[in-house]
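Report on one structure; see the data block that follows.
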Amino acid sequence: ATRFGGELLGVTPDRQLRRLASLEGAGPDDLAFLASPRFRAAARDTRAALVIVSPALADCLPAGVGRLLVTDPYACYAQVSQWLAALAAPQAPLPGVHPSAIVDPSAVVDGTARIGPGCVVEANARVGADVTLDAQVVIGRGATVGASTLLHARVVLYPDCHIGERCLVHAGTVIGADGFGFAPTVQGWVKIAQLGRVLIGNDVEIGANCTIDRGALDDTLIGDGCKLDNLIQIGHNVRIGPHTAIAGCVGIAGSAVIGSRCMIGGG
């Protein structure tokens, strides 16, 4: 309550909680949350010790269940989940370059970065402060990775592409592959060289096995704060405005323009 705000009711401040759980799965030592009237039935039967809830839904909970009254239970739950995950996370590896990694002599790698086993950092690439590259990440020539960004295993950042600060990219994602550009002729398809880049802003999260194509002429742009789920394809020259969220298995055709704070459903 002190850390995240809200009013604590029906439980003493020294009560110890064991874990964060769903309403249905919570036991007598657990913390749960209720953020929508759709879950009234589960709330009525919950065995949780304490539930994060808005004043409007507090009466849905059984007698004897504590309440942390907040304005936005879902946002509070998100903050609590981050806090508990950080407490439980293993200690980060020490800064440095793993002996099996290959770093070109012209690359600039900040001394606080962590370069994992099998990584490749090519010529003139730049890796910022407190960056973590998990195993077998490839940073192409001239590409840049901003401070405090985490790239999970086997992420590939193609040449001259950029990822901003405090980003999170999950395993297997490929950023900067060629866009699908071919000119039809009598003899067959003639490839159009893809001369643009991919520029990704700050505080962006990208799921596993996504593909973001580089621009044909102009750059492909992903704005600050965007959140992309797994298995998303973004074509060349696409522009996505800040804080847009896109769920899994979405395909975005080349040169599409998407505004700020949009929400796109799966598929």
**Study point:** Filtered residue count, segment 243-252, keeping only those that are among the hydrophobic types (A, V, I, L, M, F, W, C) and open to solvent by 30 Å² or more (accessible area, probe 1.4 Å)
**Key:** 3
Review point. Of the residues that make up segment 191-199, is at least one among the β-branched types (Val, Ile, Thr) and closer than 23 Å to Gly241 by Cβ?
Key: yes
Check your understanding: Any idea which of Gly172, Gly176 is in contact with a Lys or Arg (Cβ under 8 Å, 6 or more places away or on another chain) and in a strand (DSSP E or B)?
Key -> Gly176
Exercise for review: Go through the residues of segment 87-104 one by one and say whether even a single one is open to solvent by less than 20 Å² (accessible area, probe 1.4 Å), closer than 30 Å to Thr12 by Cβ and free of Cβ contacts under 8 Å to residues at least 60 places away in the same chain.
Suggested key: no
**Study point:** Given (1) closer than 30 Å to Ala143 by Cβ; (2) under 24 Å from the mean Cα position of the chain (by Cα); (3) surrounded by fewer than 18 Cβ atoms within 10 Å (Cβ to Cβ), index of the condition Ala78 fails
**Key:** (1)
Practice item. Tell me, please, whether a residue that is on the phi > 0 side of the Ramachandran plot and out of contact with any helix residue (DSSP H, G or I) (no Cβ under 8 Å at 6 or more places or on another chain) can be found in segment 133-144. Key: yes
Practice item. Could you list, in sequence order, all residues of segment 1-42 that are acidic (Asp, Glu) and either within 13 Å of Leu68 (Cα to Cα) or in contact (Cβ under 8 Å) with a residue 12 or more places away in the chain (or both)? Key: Glu7, Glu24, Asp29, Asp30
Review point. Closer than 17 Å to Glu165 by Cα and crowded, with 18+ Cβ neighbours inside 10 Å, is that true of Gly207?
Key: yes
Point to revise | Residues being part of a loop (DSSP other than H, G, I, E, B) and either modelled with pLDDT under 95 or open to solvent by 60 Å² or more (accessible area, probe 1.4 Å) (or both) - total across segment 118-140 | key: 4
Check your understanding: Scanning for something under 18 Å from Ala171 (Cβ atoms), in a loop (DSSP other than H, G, I, E, B), within 23 Å of the chain's Cα centre (by Cα) and among the aliphatic types (A, V, I, L, M), does segment 88-105 turn up at least one residue?
Key -> yes
Practice item. Kindly check whether there is at least one residue in segment 56-67 that is under 30 Å from Ser148 (Cβ atoms), of a type in the set (Gly, Ala, Ser) and modelled with pLDDT of 95 or more. Key: no
Check your understanding: Out of all the residues in segment 217-242, which are assigned to a loop (DSSP other than H, G, I, E, B) and open to solvent by 20 Å² or more (accessible area, probe 1.4 Å)?
Key -> Leu217, Asp218, Asp219, Asp224, Asp229, Asn230, Leu231, His236, Asn237, Pro242
Check your understanding: Residues in segment 204-211: is at least one closer than 22 Å to Val138 by Cβ, part of a loop (DSSP other than H, G, I, E, B), out of contact with any strand residue (DSSP E or B) (no Cβ under 7 Å at 6 or more places or on another chain) and of a type outside the set (Asp, Glu)?
Key -> yes
Practice item. Could you check Phe33 against (1) of a type outside the set (Asp, Glu); (2) closer than 30 Å to Ala129 by Cβ; (3) buried (at least 19 other Cβ atoms within 10 Å of the Cβ) and say which number it fails? Key: (2)
Point to revise | Subset of segment 111-164 [closer than 19 Å to Ser100 by Cβ and touching a Cys at 6+ places or on another chain (Cβ under 6 Å)] | key: Leu133, Val137
Check your understanding: Do we find a residue being within 24 Å of the chain's Cα centre (by Cα), open to solvent by 20 Å² or more (accessible area, probe 1.4 Å) and among the β-branched types (Val, Ile, Thr) anywhere in segment 187-201?
Key -> no
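The values are calculated or read from the model by the stated rules, or taken from the named source; none is laboratory data. All figures in this text were calculated on a predicted structure; none of them were measured in a lab. Here Cβ is always computed from backbone atoms with ideal geometry, including for glycine, and neighbour counts include all displayed protein chains. Note: areas computed on protein heavy atoms with side chains; ligands, DNA, RNA excluded. Shrake-Rupley method; radii C 1.70, N 1.55, O 1.52, S 1.80 Å.
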